[in-house]
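The values are calculated or read from the model by the stated rules, or taken from the named source; none is laboratory data. All values derive from a computational prediction rather than experimental measurement. Here Cβ is always computed from backbone atoms with ideal geometry, including for glycine, and neighbour counts include all displayed protein chains. Keep in mind that these areas ignore ligands, DNA and RNA; they rest on the heavy atoms of the full protein, side chains included. Shrake-Rupley method; radii C 1.70, N 1.55, O 1.52, S 1.80 Å.
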Amino acid sequence: MNSSQEAQIRLILEHQSVNLGRIAGKHLTDMIAKSAQQKTLRSGHTIKAVIALLDDIARQYIAEAVEKVAAVVQDIEAFDKIVGHFTSFLTGLEANLERPIQLAIGAHGETAVSIRQAASALFAEMQDNAFRELEIHKFSFQNPAVKAVPAPLPATKNPAKNPGGKPLAAHWDAMWAEIAVQLHEGDLKPETQADIERTMADYLDSMDISASESTVRWRARRLWSRMTQPET
């Protein structure tokens, strides 16, 4: 990794931290407002919902960081940069827990201690899972030239899925129509890009259509970016 690549990676990761941190803060504010309206602020449900939100944000960070950094350079130094920035990003995410913890506590005493301990334990578990997921990607940075060889497709007269692994244009059109209907009717209320990815993947799977994770993620990112971009 040369100095120019290092500078580019730093800018990519810094921009991603700021952008996803802003998104996390916005969703957290919306979630607390909703919990207040439903009068569930002092329940464990609020803390668990916040942890789930932060988990989605962390996974989105990993997916985007790995993809964008690998496009610049794919070596162990670049991976270490991702780990360093992600560690700092998690510290910022954890700071978002304080407000819902205080709201969930409502008063001091043994309950306050148990709520704080439970929140810390849930976040620690989420953090461990995130780092394990990140470590999986380490191998592709250690051996970028080694590519997985796909298993041969089983012989069958009627293949269950599109053998090319890439849905036809008509299937993408049908998927976008389904997403639009779910958004319009309120069945899909995404809080993170991952929510959109899951909905897209579920639809394609229900139609028995294969699509790579990166292909679905790219389309989900386009929709999510459009939905979250500031109004001008």
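Take the conditions at pLDDT 85 or above and open to solvent by less than 60 Å² (accessible area, probe 1.4 Å) and apply them to Ala180. Does it pass? Lay out the reasoning, then the answer.
Values: at pLDDT 85 or above: yes; open to solvent by less than 60 Å² (accessible area, probe 1.4 Å): yes.
Yes: the conditions hold for Ala180.
Return the residue satisfying two criteria in turn: it lies in the range 55-83 and is open to solvent by less than 10 Å² (accessible area, probe 1.4 Å) and more than 24 Å from Glu197 (Cα to Cα), and of such residues it is farthest from the chain's Cα centre (by Cα).
Ala78
Which residues, counting only those in the range 184-197, are open to solvent by less than 60 Å² (accessible area, probe 1.4 Å) and not charged (D, E, K, R)?
So the first thing to find is which residues in the range 184-197 are open to solvent by less than 60 Å² (accessible area, probe 1.4 Å), and the list is 186, 188, 190, 192-197.
Scanning the range 184-197 gives Gly186, Leu188, Pro190, Thr192, Gln193, Ala194, Ile196.
List pairs: first in the range 122-141 and touching a residue at least 12 places away in the same chain (Cβ under 8 Å), second open to solvent by 80 Å² or more (accessible area, probe 1.4 Å) and assigned to a helix (DSSP H, G or I), Cβ under 6 Å, 6+ apart or cross-chain?
Phe123/Glu94
Report the residue count in the range 11-20 for those that are surrounded by fewer than 17 Cβ atoms within 10 Å (Cβ to Cβ) and either at pLDDT below 90 or farther than 15 Å from Ala71 by Cβ (or both). I'd like the intermediate steps shown before the answer.
Restricting attention to the range 11-20, the residues satisfying the condition of being surrounded by fewer than 17 Cβ atoms within 10 Å (Cβ to Cβ) are 11, 14-15, 18-19.
Still in the running and either at pLDDT below 90 or farther than 15 Å from Ala71 by Cβ (or both): 14, 18-19.
So the answer is 3.
Mind listing just one residue for me: the one in the range 173-232 that is in contact (Cβ under 8 Å) with a residue 60 or more places away in the chain and in a helix (DSSP H, G or I) and, of those, nearest to Asp30 (Cα to Cα)? Before the answer, list the steps.
Of the residues in the range 173-232, the ones in contact (Cβ under 8 Å) with a residue 60 or more places away in the chain are 191-195, 214, 217, 221, 228.
Subsequent filtering for residues that are in a helix (DSSP H, G or I) retains 193-195, 214, 217, 221, 228.
Details: Gln193: 16, Ala194: 17, Asp195: 16, Ser214: 29, Arg217: 24, Arg221: 21, Thr228: 13 Å.
Only one residue tops the list, namely Thr228.
Among the candidates Ile115, Ile196, which residue alone is within 28 Å of Gly21 (Cβ to Cβ), touching a helix residue (DSSP H, G or I) at 6+ places or on another chain (Cβ under 9 Å) and at pLDDT below 80? Before you say what the answer is, go through the steps one by one.
On the way: Ile196 fails: at pLDDT below 80.
Step by step, each of Ile115, Ile196 is checked, and only Ile115 is within 28 Å of Gly21 (Cβ to Cβ), touching a helix residue (DSSP H, G or I) at 6+ places or on another chain (Cβ under 9 Å) and at pLDDT below 80.
For the range 198-213, what are the residues that are open to solvent by 30 Å² or more (accessible area, probe 1.4 Å) and under 18 Å from Asp56 (Cβ atoms)?
If the condition is that a residue be open to solvent by 30 Å² or more (accessible area, probe 1.4 Å) and under 18 Å from Asp56 (Cβ atoms), then Arg198, Ala201, Asp202, Glu213 are the ones that fit.
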